[in-house]
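The values are calculated or read from the model by the stated rules, or taken from the named source; none is laboratory data. The shown structure was predicted, so the numbers you read here are calculated from the model rather than taken from an experiment. Positions of Cβ are generated from backbone atoms using ideal geometry, with glycine treated the same way; all protein chains shown enter the neighbour counts. Note: accessible area is taken over every heavy atom of the protein model, side chains too, but ligands, DNA and RNA are not part of it. Shrake-Rupley method; radii C 1.70, N 1.55, O 1.52, S 1.80 Å.
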Amino acid sequence: MTATAPPALATLPLADDALVLSHRLGEWAGHAPVLEEEMALANIALDLLGQARALYAGLRDELGTEDEIAYLREERTFLNCQLVEQPNGDFAHTIVRQLFFSTYQQPLYAQLAPKLPLAEKAVSETAYHRDHAEQWTVRLGDGTEESHARMQRAANALWRFTGELFQPVEGLDLRWQELEGEWAASITEVFGRAGLDLPEGQRSGAWTAGAGRQGLHTEPFGPMIAEMQHLHRSHPGATW
Amino acid sequence: MVTASSVHSPTGHAPERLKSLTKLAGSVPDPELPVVTLAELGVLRRVSEPSPGHVEVELTPTYTGCPAIEAMAADIEQALREGGAERVTVRTVLTPLWSTDDISPEGRRKLAAHGVAPPRPGARASAPVTVGLSPTRHATPEPEPETGPEPDPETAPGTEAGTGAGAGTGTAPEPVRCPLCGSADTVLLARFSSTACKALRRCEACREPFDHFKEV
């Protein structure tokens with residue numbers, strides 16, 4: 001093990017990000033606009049689920065088994081950012097959420113890679129997630145009047161959830177300001193190519209997200225985890 | 001063939017036996033691509049016998065979320081038990097990191113013969129470049145579209161080679177060749193295909209779609 005590995009509990013917010021976004025993407029199964037996209041979103045969800053599992057496995061001593069951590073915790077103990085719990089909305093909404101999140105997650109894992117084997121493993125996989133989101137953002141933003149309008153609407157709606165991503169997570173020794181700078185530069189560049197305007201709203205302060213990491217979540221999150229945990233809670237200990 | 005794995009025998013007894021156990025574990029076929037063995041895929045990291053009759057195997061996943069890892073572990077356990085092991089423990093390890101560079105030349109040949117374009121070599125060397133240049137790699141001019149007509153707009157966007165080997169290095173990546181006719185004139189149809197580790201491409205020369213093992 002690396003000497004500078006972060007304390008296991010510090011990785012819980014990252015694991016929760018991965019699990020919750022994985023679940024949201026899984027909701028597209030059977031509903032995606034084209035078959036290739038159905039498979040892409042399911043594959044990205046699978047990568048994220050793998051990340052969550054690897055990180056939860058490292059928390060066994062603190063929080064219990066993977067299943068207990070995912071299925072038996074209450075809403076207030078999930079430390080995911082509020083961006084990932086936002087509903088899928090239309091396809092544009094999902095793509096903008098993917099763009100905002102993967103542009104954050106991939107450089108974050110790159111910074112963590114020397115300290116955390118999972119991050120080292122996931123950094124090349126999340127590069128594909130990011131590429132996927134950027135390609136779609138450009139295609140839809142620079143597409144028809146309808147697709148452009150939907151992308152702009154999604155970007156404006158999700159903008160206030162992006163400041164929270166860069167609140168330092170206790171125990172994760174990262175260069176947070178540098179992460180935010182990289183993120184803003186990349187989003188600006190991709191939006192430029194997509195012909196989208198950077199939203200004018202605030203990313204931090206009043207009426208913006210900021211409490212997911214403290215266990216406070218937005219309204220759509222409760223129903224989401226109720227559905228996610230239903231089977232396990234109804235049939236404790238069930239196996240396939 | 002078992003290049004990525006090593007043989008450890010703390011008691012120093014019967015190295016021949018460990019060698020044959022390693023060979024046995026390595027000969028298990030991949031559950032999703034049964035044309036290649038786990039040894040050829042490079043996912044078998046280490047086989048040891050901490051106490052007589054107890055065989056411990058270290059396995060590394062190709063992708064973090066690869067669902068095949070559980071089937072692999074079960075298949076290894078069965079093969080080793082049939083080979084005389086009384087107790088088998090299969091552990092999943094993440095480091096050293098698996099890369100498509102770990103697929104053996106024989107594994108690559110078998111993938112191609114099976115109709116799956118093998119990953120291009122050099123993924124490990126180029127991966128940090130891809131990551132490090134993330135914000136600026138888009139500042140370089142758009143990559144040359146691969147030869148051939150625009151893809152059907154109904155399918156996934158873009159035709160460039162993606163984030164695989166060579167991306168961001170400033171040199172044009174080696175083309176992905178059609179495993180059927182060998183043409184370099186192929187286009188990307190979808191970044192994610194039948195499994196997370198493969199992309200879907202089409203050959204513009206023979207018009208056949210095919211899977212490409214993505215470089216990581």
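Can you find even one residue in the range B:113-121 that is in contact with a helix residue (DSSP H, G or I) (Cβ under 7 Å, 6 or more places away or on another chain), assigned to a loop (DSSP other than H, G, I, E, B) and open to solvent by less than 30 Å² (accessible area, probe 1.4 Å)?
Checking the range B:113-121: at least one residue is in contact with a helix residue (DSSP H, G or I) (Cβ under 7 Å, 6 or more places away or on another chain), assigned to a loop (DSSP other than H, G, I, E, B) and open to solvent by less than 30 Å² (accessible area, probe 1.4 Å).
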- Message: Against the condition in a helix (DSSP H, G or I) and touching a residue at least 60 places away in the same chain (Cβ under 8 Å), how does A:His232 come out, does it pass?
- Response: yes
- Task: Please tell me if A:Asp61 is touching a residue at least 40 places away in the same chain (Cβ under 8 Å), of a type in the set (D, E, K, R) and within 14 Å of chain B (Cβ to nearest Cβ).
- Result: no
- Message: Tell me yes or no: at least one residue of the range A:84-93 is of a type in the set (A, V, I, L, M), touching a Phe, Trp or Tyr at 6+ places or on another chain (Cβ under 9 Å) and modelled with pLDDT under 95.
- Response: no
- Task: Being over 18 Å from A:Arg213 (Cβ atoms) and open to solvent by 50 Å² or more (accessible area, probe 1.4 Å) is the filter; apply it to the range A:5-37 and report the residue that is modelled with the highest pLDDT.
- Result: A:Glu27
- Message: Quick check on my filter: what residues within the range A:130-151 are open to solvent by 10 Å² or more (accessible area, probe 1.4 Å) and of a type in the set (A, V, I, L, M)?
- Response: A:Val138, A:Leu140, A:Ala149
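Would you mind stating whether B:Thr37 is within 28 Å of A:Leu49 (Cβ to Cβ), in contact (Cβ under 8 Å) with a residue 24 or more places away in the chain and open to solvent by less than 40 Å² (accessible area, probe 1.4 Å)? Spell out how you get there, then give the answer.
Working: within 28 Å of A:Leu49 (Cβ to Cβ): yes; in contact (Cβ under 8 Å) with a residue 24 or more places away in the chain: yes; open to solvent by less than 40 Å² (accessible area, probe 1.4 Å): yes.
It is true that B:Thr37 is within 28 Å of A:Leu49 (Cβ to Cβ), in contact (Cβ under 8 Å) with a residue 24 or more places away in the chain and open to solvent by less than 40 Å² (accessible area, probe 1.4 Å).
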- Item | Positions within the range B:39-83 being in a loop (DSSP other than H, G, I, E, B) and more than 14 Å from B:Ser27 (Cα to Cα), in sequence order | B:Pro52, B:Gly53, B:Thr60, B:Pro61, B:Thr62, B:Tyr63, B:Thr64, B:Gly65, B:Cys66, B:Pro67
- Task: Kindly indicate whether A:Gly222 is on the phi > 0 side of the Ramachandran plot and loosely packed, with under 15 Cβ neighbours inside 10 Å.
- Result: no
- Restricting attention to the range B:89-146, and to residues there that are acidic (Asp, Glu) and modelled with pLDDT of 80 or more, which single residue is farthest from A:Pro114 (Cα to Cα)? B:Glu106
- Item | Enumeration of residues in the range A:197-216 that are at pLDDT 95 or above, closer than 24 Å to A:Ala149 by Cβ and open to solvent by less than 60 Å² (accessible area, probe 1.4 Å) | A:Pro199
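Can you name every residue in the range A:2-55 that is β-branched (Val, Ile, Thr) and assigned to a helix (DSSP H, G or I)? Break it down stepwise before answering.
Quick first cut of the range A:2-55, residues β-branched (Val, Ile, Thr) only: A:2, A:4, A:11, A:20, A:34, A:44.
Within the range A:2-55, A:Thr11, A:Val20, A:Ile44 meet the criteria.
Please find, among A:Ala127, A:Ala194, the residue that is within 13 Å of A:Ala92 (Cα to Cα), of a type outside the set (Val, Ile, Thr) and open to solvent by less than 20 Å² (accessible area, probe 1.4 Å). Talk me through it step by step, then tell me what you get.
Numbers: A:Ala127 fails: within 13 Å of A:Ala92 (Cα to Cα).
Just a single option satisfies the conditions, and that option is A:Ala194.
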- Of the residues in the range B:63-88, those that are touching a Lys or Arg at 6+ places or on another chain (Cβ under 7 Å) and modelled with pLDDT of 95 or more number 1
